[in-house]
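Readers should treat all values here as calculations from the given coordinates under stated rules, not as data from a laboratory. Computed from a predicted structure; not experimentally measured. Here the Cβ positions follow ideal geometry from the backbone for every residue, glycine too, while neighbour counts run over all protein chains shown.
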Amino acid sequence: MEKKHSHYYDPAPRAEHDRAIIHGQFEDSRFSFVTDSGVFSKRQIDPGTTLLLQSILKEIKDTSLRVLDLGTGAGVMAIVLARLRPSLTVTGSDINSRAVTLAKENAKQIGVPNVRFIEADGVPGDTVFDLVICNPPIRAGKDTVYRLFREVRDQHAAEGVFYIVIRVKQGASSAKKELSSLFDRVETIARAKGYHVIKAWGKKG
């Protein structure tokens, strides 16, 4: 039977276009992003995304790192990190062609030259990344999410770090257990409104 994707985990969403503008503030900078139907969190910046970004910005200084925003959607996390930490080299990847188009549009409008967006189902194989961030596509199913975790481990620099955000009721504890099978160290570094930010590093295997 053909595998079904959730609405935002579809290579070519069929939903009618319904563009909107969402806003957010990180550190001292305000951002506006164009979104559309068929793309994750169209009406606002997802609370988990906000918590994950805030947590990473506290931990990451402006230094030369290769960063992947896995499942970038409209590019919010990739663009914010590229703008506020300009020494980073950021890649945003997504299976969703509509999302990638929006992310490119948003990056051009905001003016961030140190970010690129590519269409890919999973981790791009052309770069070894120092830092990977992900708000996992929970509606795509556990098999897909855990496959992405394994791809991150395989395409990670030896000293690289992986951050995810996940809701408690959507499997934070089981995701942490899965990450512990792939990485030497796994910690929950932030909690808010039912979301956990989990940090994993020191890959196994």
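Flag: Ala140 does not match the condition of being in contact with a strand residue (DSSP E or B) (Cβ under 8 Å, 6 or more places away or on another chain) and small (Gly, Ala, Ser). The residues of segment 24-47 that are within 16 Å of the chain's Cα centre (by Cα) and closer than 14 Å to Leu102 by Cα, listed by number, are Phe33, Thr35, Val39, Phe40, Ser41, Lys42. If you go through segment 162-183 and pick out every residue that is in a strand (DSSP E or B) and over 17 Å from Gly71 (Cβ atoms), you end up with 1.
Can you run down the residue pairs with Cβ atoms below 6 Å, 6 or more apart or on separate chains, where the first is in segment 96-113 and touching a residue at least 40 places away in the same chain (Cβ under 8 Å) and the partner is part of a helix (DSSP H, G or I) and among the hydrophobic types (A, V, I, L, M, F, W, C)? Close Cβ pairs satisfying both conditions: Asn106/Ile79; Ile110/Ile79.
The set of residues in segment 84-109 that are within 17 Å of Val132 (Cα to Cα) and in a helix (DSSP H, G or I) contains only Leu84.
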